[in-house]
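To keep things clear, I will list the structure first and then write my remarks on it.
The values are calculated or read from the model by the stated rules, or taken from the named source; none is laboratory data. Just so it is clear, the model here is predicted, and its values are computed rather than measured. Positions of Cβ are backbone-derived with ideal geometry, glycine not excepted, and every protein chain shown enters the neighbour counts. In case anyone asks, the SASA skips ligands and DNA or RNA and just uses the protein heavy atoms, side chains included. Shrake-Rupley method; radii C 1.70, N 1.55, O 1.52, S 1.80 Å.
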Amino acid sequence: MSKIYCIIGNGVAGDSAAATIRERDPDSDIIICTEEGKPLYNRILLKEFAKGKLNQNSMEIRDEDWYQDREIELRLSTQVIGVDAEDKIIKLHSKEEQRYDQLLIATGGTPREMDVPNSGAKGIHHFWTMKDTIEIRNHAEKANSGIVIGAGLLGIDLAAICGAQGVNAKYIMRGDRWWRGALSREGSKIIHRSLERTNVSPVFDKDIECFEEENGEVSAVVTTEGERYEADFVGVAVGLDYNTEILQDTVVECKDGIVVDEHMFTGVEGIYAAGDITRYHDVIVGEEMQNGSWGSAKKQGMVAGENMVNGSNCKKFEWVPSYSVTHFEYPMISFGHPTRGDKYMEKTYSENEWRRLAFKRGRLIGGVLIGDVSSQSRYKKIIMDRLENVNQSAFILDKKIELEKISNDQV
Ligand SMILES: Cc1cc2nc3c(=O)[nH]c(=O)nc-3n(C[C@H](O)[C@H](O)[C@H](O)COP(=O)(O)OP(=O)(O)OC[C@H]3O[C@@H](n4cnc5c(N)ncnc54)[C@H](O)[C@@H]3O)c2cc1C
């Protein structure tokens, strides 16, 4: 009898798992349930659409025919509300039930709303789906003043959208700099200067007390120190809540995500997870890690798909993630786990060129490159090869690093 594979979520993790399963088990039944009304599209490009630089078609990756041609049943606008892990059933919002042999949870996260008064007012945007993006673009095109809250990778997208759309914006941050887990003051200054050039002014060391609204629409943001910033456009990016509630009646371990091993297996018979939602065992660093990036989610989906077909420990997830920021006149990339070091080293090369590396127990585990990103693949190789004591190498911050010199340094 053919196996039934169910996948919850049609982001890149769910989609790549489905494609892998179809290749490895041609006669199986594959069912994908997704809350969204569209098949997989490119989330990475949403910011460019919101800036007004791309049209909506540029974001499409799959159409429904792609799934039909591969006999993958794609159920759009279908919310899953629960999982019965003992009887191997998923429960849908429509009250239907679907049996599975192997189940993948690839439900990602939902942007967190701030827990302050009026956080649900119209004009306050969160950024994740195509629907959010259309609203952001339409609003930003006509807004005059904006506030962006959240000093991370999605916050800077919202700030860049304001800049590109001519919205005069303040970018409010809790700490003294943008992405303070990964960048030092020195590195973040480069980013702050670029934001200023697009009329987005960073404002540091502020917490939000509340939003003000008029007739249901946001009109101002007030800080805990009582400062009031008027704004008709507000973008909030203060983290994700992971979509784990469907597992609440199971014994699958959830702690700010779903805990899986290096095979994307939850430890509960037939249940796997992949993508942003996982807290996975990173075999390179040797610790539990979490990562929100497109390439990583895609790879995890492929690994999960392979193991769902061939057994739970057939393939390992062994991967150095990366994430590019493309808003400025220079490139920027983060790789590995740039916020998880026990030691950091950095160097400034020129006005817009800077590097910071994160080490753990003497091994490189991640970093951020601004300006010149050409060493990225060599740093990734050092991570993959698990080179020891590279924090002591005299060459590790050379502008053009040479792997041979760094390897020789180890002996
Ligand atoms: C604006 C934006 C910009 C980004 N830029 C970059 C970038 O430059 N580089 C980079 O590497 N990464 C970037 N990312 C992150 C990257 O897009 C994510 O890491 C990746 O898309 C995660 O894929 P996923 O499949 O794990 O989850 P998602 O893409 O979030 O997919 C999860 C899907 O599950 C569905 N779902 C959730 N719960 C249920 C349920 N109960 N029933 C049915 N369906 C459900 C959701 O609706 C969603 O469609 C960006 C993300 C955003 C939002």
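In table form, for the structure just shown:
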quantity	calculated
Positions within region 120-165 being more than 12 Å from the ligand (Cβ to nearest atom), of a type in the set (S, T, N, Q) and in contact (Cβ under 8 Å) with a residue 60 or more places away in the chain, in sequence order	ASN144, SER145, GLN165
Number of the condition not met by GLY362 [criteria: (1) within 16 Å of the ligand (Cβ to nearest atom); (2) at positive phi]	(1)
Helices (runs of 4 or more DSSP H) wholly inside region 1-79 that include at least 2 residues being open to solvent by 20 Å² or more (accessible area, probe 1.4 Å) and not charged (D, E, K, R)	64-69
Filtered residue count, region 279-315, keeping only those that are without any contact (Cβ under 8 Å) to a residue 60 or more places away in the chain and either within 14 Å of the ligand (Cβ to nearest atom) or open to solvent by less than 10 Å² (accessible area, probe 1.4 Å) (or both)	11
Residues located in region 311-325, provided they are of a type in the set (S, T, N, Q) and at pLDDT 95 or above	SER322, SER324
Breaking point among (1) within 30 Å of GLU351 (Cβ to Cβ); (2) modelled with pLDDT of 95 or more, for ASN199	(2)
Per-region count, region 363-406, residues under 14 Å from PHE335 (Cα atoms) and open to solvent by less than 20 Å² (accessible area, probe 1.4 Å)	11
Any chance ASP132 is assigned to a helix (DSSP H, G or I), open to solvent by less than 20 Å² (accessible area, probe 1.4 Å) and either among the acidic types (Asp, Glu) or more than 30 Å from LEU369 (Cβ to Cβ) (or both)	no
Failed item in (1) assigned to a strand (DSSP E or B); (2) open to solvent by less than 10 Å² (accessible area, probe 1.4 Å), with TYR323 passing the rest	(2)
Selected residue (criterion: surrounded by the fewest Cβ atoms within 10 Å (Cβ to Cβ)) from residues of region 81-99 that are touching a residue at least 60 places away in the same chain (Cβ under 8 Å) and within 12 Å of the ligand (Cβ to nearest atom)	ILE81
Any strands (runs of 3 or more DSSP E) falling wholly within region 326-411 and containing at least 2 residues that are closer than 29 Å to LYS51 by Cβ and of a type in the set (D, E, K, R)	353-360
